[in-house]
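First up is the structure itself, then whatever we jot down about it.
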Amino acid sequence: MDKGPARRDLMVTVLGAVTFFFMLVALLGALVWAPKEATMGDVQRIFYFHMPSAWIALGPGFTVVFALSIAYLATGRLKYDRVAAASAEIGVVFTTITLVTGPLWAKPAWGVYWTWEPRLTTTLVLWFIYVGYLLLRSVAGDGHRRARLAAVYGIVGWVDVPIVFFSIWWWRTIHPRVLTSSGFALDSRMTAVLMVSLAAFTLLYVFLLVLRVRIESMSATVQTLRFRARDRRGGGV
Amino acid sequence: MNATGYLAAAYSIIWVIIAAYVVYLGRRQAGLRRQIEVLQIEMSERDEPGEQG
């Protein structure tokens, strides 16, 4: 009997459990261990999940789409396209979390939920770009045609990622600059909690990517089986 | 809403979004697994027509 699928299921379950544990530790760190920020008070604790969400979207999320889109165009291997699709969807989920938690922090800190300042505006544009990427995939058919179109879009769309990241240095903004040339501009305990949270979110990204890539592979299997069934029906006439 | 309210709202929304996405992925995976099983059974039944007659 093939033990491969059962072993893979077990590994995914273990990864899920480890991820959940790290997420709980990160939550505890954010709400309990991290010191209260002097100016903003408790609402600053949103930062410990807000910033890692943005990191997952900009870092692994959309940058993996960019890298694997290049890899697909260079090799023509559909497995790169499948992982890119999975990563884009996860990136959109985490950009959504960033865009929802940001205003909930902004309202008590700045007095408004939303302002058209560079970091917020470019992040919203980023969200629209990758929602567009997912929509394109849903209407572009199947196989290599869809993969080629999505790859080109994934490479061009990524241009906004460095713009989002550097926007707070390039333009005047009210968004806080946490990362400086000498590291994080934070208290040591705050930095430690942020590091735990970044690790937990990175694990979460890996876990979700494994689940999502599996769906892409299963969809491909369903399609192959349908083609085979159709071929046999056609051959039998 | 006070600061604690915003904090609670933010963390609740984060966990709800993540949990909803994991459930969505799980359901999609279960649906595809069923489709694969049905298609494989159909294929194997078509492969063995002689056994019927």
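Just a few scattered comments:
- Length gained when the stretch A:ARG228-A:ASP9 is fully extended (0.36 nm per residue, less Cα-Cα span): 76.1 nm
- Backbone HN-Hα couplings from phi across region A:125-137 [Karplus 6.51/-1.76/1.60, Hz, Gly and Pro as x]: 4, 4, 4, 5, 4, 7, 5, x, 4, 5, 5, 4, 4
- Cα long-axis angle, helix A:4-28 against chain A (0 to 90 degrees, to the nearest 10): 10 degrees
- Shielding by partners - mean other protein chain Cβ count within 10 Å, residues of A:88-95: 2
- Among A:THR180, A:THR123, A:THR224, sorting on how many other beta-carbon atoms sit within 10 Å of each Cβ, with the fewest leading, yields A:THR180, A:THR224, A:THR123.
- Solvent-free Debye scattering, log10 I(q)/I(0), computed from the Cα coordinates of region A:12-58 at q = 0.22, 0.28 Å⁻¹: -0.83, -1.01
- Ellipsoid semi-axes in whole angstrom, largest first, where each is sqrt(5λ) of the Cα gyration tensor of chain B: 51, 5, 4
- Whole-angstrom gap from chain B to region A:60-138, using each part's C-alpha centre: 22 Å
- Top positive-direction residue, dipole computed over the protein assembly as shown with Cβ charges, set A:GLN44, A:GLN223, A:THR202: A:GLN223
- Farthest positive-ward along the protein assembly as shown dipole, Cα basis, beta-carbon charges - from A:ALA6, A:TYR72, A:GLY183: A:TYR72
- Radius of gyration, Dmax [the protein assembly as shown; alpha carbons; angstrom]: 22.5, 83
- Phi angles across region A:179-186 convert, under the Karplus curve 6.51 cos²θ - 1.76 cosθ + 1.60 with θ = phi - 60°, into 3J(HN,Hα) values of 9, 10, 5, 9, x, 6, 7, 9 Hz, Gly and Pro given as x.
- Angle between chain B longest axis and helix B:3-47 axis [Cα atoms, degrees, rounded to 10]: 0 degrees
- 10 Å Cβ neighbours from other chains, averaged over peptide B:9-19: 6
- Electrostatic dipole magnitude of chain A [Cβ: Lys, Arg +1; Asp, Glu -1; Cα centre; debye, to 20]: 900 debye
- For region A:141-156, backbone nitrogen atoms closer than 16 Å to the point 7 Å from A:ALA74 Cα along Cα-to-C-beta are found at A:151-152, A:155-156.
- In chain A, the longest principal axis of the Cα atoms and the axis of helix A:47-56 are about 30 degrees apart.
The numbers here are math on the coordinates, done by the rules we state, and not lab data. What you see is a predicted model; the values in this text were computed from it and never measured. So basically every Cβ, Gly included, is an ideal-geometry build from the backbone, and we count neighbours across all protein chains shown.
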